[in-house]
Amino acid sequence: MDSQFEQMVQVNIQGRVFVICTSLGMTDQTVIGYYTEVLQQAIASMLTDKSTPADFHRLLTEQAEWLESEIKQLCESQQLDAPAAPPRKTDSLNEDGSEQSSKSLNADKKATGYVPEAKSMPERLKDRRAEMEHLLVNDCVTLKLVSPKQAKKLQRGLVGRDPEKAEAELVGQLRNALHEQIRKFIRKNNGGPWSTATLQTDVRMDITRTRTRTLRALVTLSRQLLNERQEWLSKTKSSLTGRFFGGRVKMDK
């Protein structure tokens, strides 16, 4: 990305974030700066040296729509969590007919001091990404679906994106890696535990069905296939340990 293109990217992102935030009532420059940085990181992770201005504007439109939706949800959440207005002061009568204020009626009630506090948008996004990031940099690396370096890069690419869309894209990439592992193992071991065409088709279909599922579902399937491979190697006393999933894997408890 040349300097002119990079400057154009920064200026357009700053302008789009400013317009979105101010139109939704957010004028704090610190908040606007944070969202600008979030979009810059997200878009930068998806651009390549071959990306064109058209590619950038397409990504900017997608990220802007996501940001606007998230800010609206945050505003709605804060309105729902706001403490209710205190009741209007009313008076009642004592037994002797004199007035007794509502303040004296409630004097024996202790205030809890608790005011529900809505989480900020960054906190909500971080919570929604937490499990996915943990699986990516731990389980997926252990299972050799990605290298540690690749996992870190993919993790950075999750920032500022809709977690559901980002997870669907991530599952697609890792599903392809699992397909490749299975294919290599079957070819080098005459099928291994999947020695018939029917079994091999079933395995491929199981992997393909993770298309609309979660990263946890893909990790669970990968562990299951790993166990089947290890059991087969143990029964056949094969010396081919290491040709599938990058070698014998010590699984986390």
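Any read-out appearing in this document is the output of simple, stated calculations on the displayed coordinates, not a laboratory observation. Just so we're clear, the structure is a prediction, and the values are computed from it rather than from any experiment. With ideal geometry, Cβ positions are generated from the backbone for all residues, glycine too; neighbour counts draw on all protein chains shown.
Summing Lys, Arg as +1 and Asp, Glu as -1, what charge do residues with Cβ under 11 Å from the Cβ of ARG16 carry, ARG16 excluded? After counting each charged neighbour, the total is -2.
Here the Kirkwood formula puts the hydrodynamic radius of segment 126-236 at 14.7 Å, using every distinct Cα pair. Extents of segment 3-81, largest first, come to 46, 20, 17 Å (Cα atoms, principal axes, whole angstrom).
Compared with the direct C-alpha span, the chain from GLN41 to ALA54 gains 2.9 nm at full extension, assuming 0.36 nm per residue.
The stretch between GLN224 and ALA168 holds 18.1 nm of extra length on full extension. This uses 0.36 nm per residue minus the Cα-Cα distance. Projected label points at GLN73 and THR201, each 7 Å from Cα along the beta carbon direction, are separated by 4.0 nanometres.
Spin-label model, LYS184/PHE5: points 7 Å from Cα along the beta carbon direction are separated by 3.2 nm.
FRET efficiency for the pair GLN29 and ASN138, taken as 1/(1 + (r/R0)^6) with r the Cβ-Cβ distance and R0 = 35 Å, rounds to 0.40.
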